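Only the coordinates and a few stated rules stand behind these numbers; no lab work does. Quick caveat: nothing in here was measured; it's all calculated off a predicted structure. Every residue, glycine among them, receives a Cβ derived from its backbone with ideal geometry; neighbour counts consider all protein chains shown.
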């Protein structure tokens, strides 16, 4: 992922992400953040639960184009909290999406933070366009915005061109 040109992050040297979808439709995401982990503002671990406004602090995100039915936004915090929203169009018609709680596991060392997420089936079996992004907050409160693509002058993960990766269709028997 790349940091948006208008935001910088002294503590992070890079973020990578990997996504896979099982034959059963489960989606697995792995985010790896390299840098000085102690210089980041990370939320304390808590009981996994749905929570709004996670994007105001360090959180990892997935956007899924629902092929003519708007798109979904998933937020995953290192604390174990999460959120899932649906939109009928670009930033309109926002509503909570009823999903099973994702499984979120975080590991951190001095120089690496790993966040692994598993989502239950629910995004369909066809090829889908996705956006992978992250909001990173440093200990001093500065935020940086990371994504596969930054198509506009302002960081905007909802922009259609941020959905820069196509997850192939499942091969069904």
In whole Å, how far is the Cα centre of the range 114-173 from that of the range 12-88? 8 Å
Springs between alpha-carbon pairs under 10 angstrom, Gaussian network model over the chain: which of 15, 130, 92 fluctuates most? 92
Listed values (1) 1.02; (2) 0.94; (3) 0.92, entry calculated as Rg/Rh (Cα atoms, Kirkwood Rh): (2)
Per-residue Cβ contact counts at 10 Å, fewest first, order 138, 166, 26 as 166, 26, 138
Could you calculate the contour length gain from residue 28 to residue 90, that is, 0.36 nm times the residue separation minus the distance between their Cα atoms, to one decimal place in nm? 19.8 nm
Choose one answer from 39, 125, 53: the residue with the largest mean-square fluctuation in a GNM of the chain with alpha-carbon springs under 10 Å. 53
In which sequence would 109, 133, 49, 144 go, from the one with the fewest C-beta neighbours within 10 Å to the one with the most? 109, 49, 144, 133
Linear extension gain, residue 158 paired with residue 69, 0.36 nm per residue minus alpha-carbon span: 30.6 nm
In nm, to one decimal, how far is the modelled label at residue 6 from the one at residue 49, with both set 7 Å along Cα→Cβ? 3.4 nm
With the contact rule set at Cα under 8 Å and sequence spacing of 6 or more, what percent relative contact order holds for the range 2-167? 28 percent
Highest GNM mean-square fluctuation, the chain, Cα pairs closer than 10 Å: which of 68, 86, 131? 68
